[in-house]
Amino acid sequence: MNVGYLLANSAAKFPNREAVVCDQGRWSFARFDERVSRLAGAMLASGLKRGERVALLFFNGGPFVETYFAAVRVGLVATPVNFRFVGEEISYIINDSGAVALFHGPEFLSVVEEVRDQCPSLRFTVCPGGGPCGYDHEAFLEGGEPLAVDSTVIESDPCQLMYTSGTTGRPKGALISHGNVLWNLVNTILGREDKSGQVSIIVGPLYHTAALNNHFTIQVALGGKSVLMSRFDPERLLATIHQEKVNVISGAPAFYHLLMQHPSALNYDRSSITKCTAGADKLSQETKRKLLNFFPEINGVYDVYGCTEASPCITILTAQQSRTKHGSVGKALPFLQAQVVDESEQTLEPGGVGEVVCRGPNVMQGYHNRAEDTYQAMRGGWLHTGDLAYMDEEGFFYIVDRKKDMIVSGGENIYPREIEELLLAHPGVADAAVVGEPDDLWGESVKAVVVVKKGASLSEQDIIDYCKTHLASYKKPRKVVFMDLLPRNASGKVLKTQLQGGA
């Protein structure tokens, strides 16, 4: 079995059900599958061969999902590219992956023309409307002979080359097999308690594993409808939830903050939403409390923890568990093992803080062309996530922080997440991040970066005094910087390297 089978199976079972709603129109499962089968035929007719990488540079929409499913249907390796990247970053991904074809949206024509000559592996490009350096997408698709799913493509074959966020350096390509995606699918369906026929709105970019493998592929597999949002526009999103009677919504905490703070948020009916999932960054208890009020029909918030290299899911806290297990990201998923280890790779007892490691059939095959990085990440047969956590007696995981983000001040370990949770509970704080700064006396000191809510007024001393009231003195910020907006990457993670140093 391979990932391409998921669409073909749902098209056979639910041909007339709506599969995709997007800027390009509304597709039933039968129409979606028919377009994918033709595009797959055109890909092979163009000379593309099994195992070759095909780059995708699109906003969320029909062209992305049909290109993706066409590629994996016939054993090509889909290589999504971050649409926020500039030319130099795009050419890096294409050259590092060795992509031989690039399918892209018309919005990216100028940047593709800019980098085309810098990408020697590229044989051709495909874009709606064509262009001087490629084929027209629709004409290319229509010229293909429909192809069935290639049954010789098996679980061990590569399916995706997914590039990491690159917040601490050049992105690395995680090679994810068909089996990795399928086992992640099973784990996530069980962990999130997903059902057939749901209507899901997908806002997160499909070049990330969470949006592609969890939010979208699950709907394809279960015969659900995916409403694809090409851009994040809070009011358009709220209107779409009302119009399409959406019942599943997923996103990073920052996404929910912006949605709930929109001036028109309460003007739209949100009662159709029965499932709310969060991931990519810390979900504070205050944010969770607000979500329960904002979406009155949800029973709790599914808190999903994972990473690109795990395709991506490792643990999930169910909606019911979220009512009592405050701060937890849940238990290890059914077909996966996870534990917390110390610096000597020894398993820690419950309550001990160490690094989260995991192993299972959803864990990547390795990093593309990076043997040493693969060895370091997968040493001992376990994927090392770089996340610090502890586990309780019942097996629930609690993420403390990123290993690299931990602050050591005067010999004391300080976890920024603890301080951030406190700051986010302040009635005048809209957003916050905490980083360490070099300190001649203590080694490192705490710096808080705060976004103040509209209409509120806070000083540096206000923030320091508030933290001093609720935390041990060594944990309080020694410096507070105010910003209008925190810098974040596309998955919603704060770019802390941009917050270190400076005023």
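How many Å³ per residue does the convex hull of the Cα positions in the range 31-76 occupy?
On the way: hull volume 2.7 nm³, N = 46.
Taking only Cα atoms, the range 31-76 has a hull volume of 58 Å³ per residue.
For the range 28-153, state the average projected area of the convex hull of the C-alpha atoms over all orientations, rounded to one decimal in nm².
Numbers: hull surface 28.2 nm².
Over every viewing direction, the Cα hull of the range 28-153 projects on average to 7.1 nm².
Place a point 7 Å from Cα of D484 in the direction of its Cβ. Which residues in the range 436-465 have their backbone N less than 13 Å from it?
452
Grab the Cα-Cα distance for S459 and D269, subtract it from 0.36 nm times how many residues apart they are, and report the gain in nm with one decimal.
Details: separation 190, 0.36 × 190 = 68.40 nm, distance 3.72 nm.
Extra length available between S459 and D269 comes to 64.7 nm.
Considering only DSSP beta bridges where both residues belong to the chain, give the percentage that are antiparallel (nearest 5). Before the final figure, lay out the partial values.
Numbers: 47 of 81 bridges.
The antiparallel proportion sits near 60 percent.
Taking a cut-off of 16 Å between Cα atoms, list the lysines near K476, but don't count ones fewer than 8 places away on the same chain.
K447, K468
On alpha carbon coordinates alone, what is the Rg over Rh value for the range 253-351, Rh being the Kirkwood radius?
A ratio of 1.05.
How would you classify the range 185-402 from its alpha-carbon gyration tensor, with a ≥ b ≥ c the square roots of the eigenvalues: rounded for a/c under 1.5, else prolate if a/b is greater than b/c, otherwise oblate? Display every interim value, and only then the final one.
On the way: a/c = 2.10, a/b = 1.62, b/c = 1.30.
Taking the square roots of the gyration eigenvalues as a ≥ b ≥ c, the range 185-402 is prolate.
Quick one: S311, S37, S151, fewest Cβ neighbours within 10 Å first, how do they rank?
Numbers: S311 33, S37 26, S151 10.
So the residues, fewest neighbours to most, are S151, S37, S311.
Label 7 Å along Cα→Cβ of E372; the range 284-314 residues with amide nitrogen under 12 Å?
No residue qualifies, since no backbone N sits under 12 Å from the label point.
For C119, C358, which order do you get if you count the other beta carbons within 10 Å of each Cβ and list the fewest first? Write out the running numbers ahead of the final one.
On the way: C119 20, C358 23.
Taking fewest neighbouring Cβ atoms as first place, the list is C119, C358.
Assign unit charges at the C-beta atoms only (+1 for Lys and Arg, -1 for Asp and Glu), then state the dipole size of the range 185-402 relative to its Cα centre in Debye, rounded to the nearest 20.
Numbers: 19 positive and 23 negative charges, 180 e Å.
In debye, rounded to 20, the range 185-402 gives about 860.
Each label point is 7 Å from the Cα along the Cα-to-Cβ direction; what then is the distance between the points at S121 and D342, in nm?
That separation, rounded to one decimal, is 4.3 nm.
Any lysines with Cα under 17 Å of the K195 Cα? List them, leaving off those in the same chain fewer than 8 positions away.
Within the straight-line cut-off, K195 pairs with K13, K225, K245, K275.
Could you put K493, K475 in order, starting from the residue whose Cβ has the fewest other Cβ atoms within 10 Å?
Least to most surrounded, the residues fall as K493, K475.
Pulled fully out, how much extra length does the chain show between A30 and H262, if you take 0.36 nm times their separation in residues and subtract their Cα-Cα distance?
This chain segment gains 79.8 nm when fully extended.
Placing +1 at every Lys and Arg Cβ and -1 at every Asp and Glu Cβ, with all other atoms neutral, what dipole size does the range 28-153 have around its Cα centre, in debye to the nearest 20? List each step's numbers first, then the result.
Numbers: 10 positive and 16 negative charges, 70 e Å.
Computed about the Cα centre, the dipole is about 340 debye.
Quick check: net charge around E349, other residues with Cβ under 13 Å of its Cβ, Lys/Arg +1 and Asp/Glu -1?
Details: positive: none; negative: D342, D392, E393.
After counting each charged neighbour, the total is -3.
Among all the aspartates and glutamates, which ones have a C-alpha under 17 Å from K172's C-alpha, if same-chain residues fewer than 8 places away are not counted?
Filter leaves E88, E89, D96, E309, E372, D373.
Calculated from DSSP H runs of 4 or more alone, at -39500 (n - 2.57) each and per residue, what is the 222 nm mean residue ellipticity of the chain, nearest 500? Don't jump to the answer; show the numbers that get you there.
Details: 14 runs with 140 residues, N = 503.
Mean residue ellipticity at 222 nm (helix-derived): -8000 deg cm²/dmol.
Note the direction-averaged projected area, equal to a quarter of the hull surface, for the Cα convex hull of the range 326-426, in nm². Walk me through the intermediate numbers first.
Values: hull surface 32.8 nm².
The number I arrive at for the range 326-426 is 8.2 nm².
Quick check of the Kirkwood formula: for the chain, what is the inverse mean of 1/r over all pairs of different Cα atoms, in Å? List each step's numbers first, then the result.
Details: mean 1/r = 0.0424 Å⁻¹.
Evaluated on the chain, it is 23.6 Å.
Label points 7 Å out from Cα along the Cβ direction at S196 and W442: separation in nm?
Distance between label points: 5.8 nm.
Compute the angle between helix 285-294 and the longest alpha-carbon principal axis of the chain, please, reported from 0 to 90 degrees and rounded to the nearest 10.
60 degrees
Where Lys and Arg each count +1 and Asp and Glu each count -1, what net charge lies around S10 among other residues with Cβ under 15 Å from its Cβ? Write out the running numbers ahead of the final one.
Values: positive: K13, R17, R31, R35, R73, K195, K225; negative: E18, D33, E34, E66, D194.
Here the count lands on +2.
By how many degrees, between 0 and 90 and to the nearest 10, does the Cα long axis of helix 178-192 differ from the longest principal axis of the chain?
Relative to the chain, helix 178-192 is tipped by roughly 50 degrees.
For the range 406-498, take N as its residue count and report Rg(C-alpha) divided by 2.2 N^0.38 Å. Present the calculation step by step, with values, prior to reporting the outcome.
On the way: Rg = 12.8 Å, N = 93, 2.2 N^0.38 = 12.3 Å.
Relative to the rule-of-thumb radius for its length, the range 406-498 sits at 1.04.
Which whole-number percent gives the relative contact order of the chain, counting Cα pairs below 8 Å spaced six or more residues apart? Don't skip to the end; give the middle numbers.
On the way: 1086 pairs, mean separation 54.9, N = 503.
That works out to 11 percent.
Calculate how steeply helix 460-470 sits against the longest principal axis of the alpha-carbon atoms of the chain, using the helix alpha-carbon long axis, and give the answer as 0 to 90 degrees to the nearest 10.
Result, in degrees: 80.
Here, each number is a calculation from the coordinates, and none is a lab measurement. No experiment lies behind these values; they were computed from the predicted model shown. All Cβ positions, glycine included, derive from the backbone under ideal geometry; neighbour counts span all protein chains shown.
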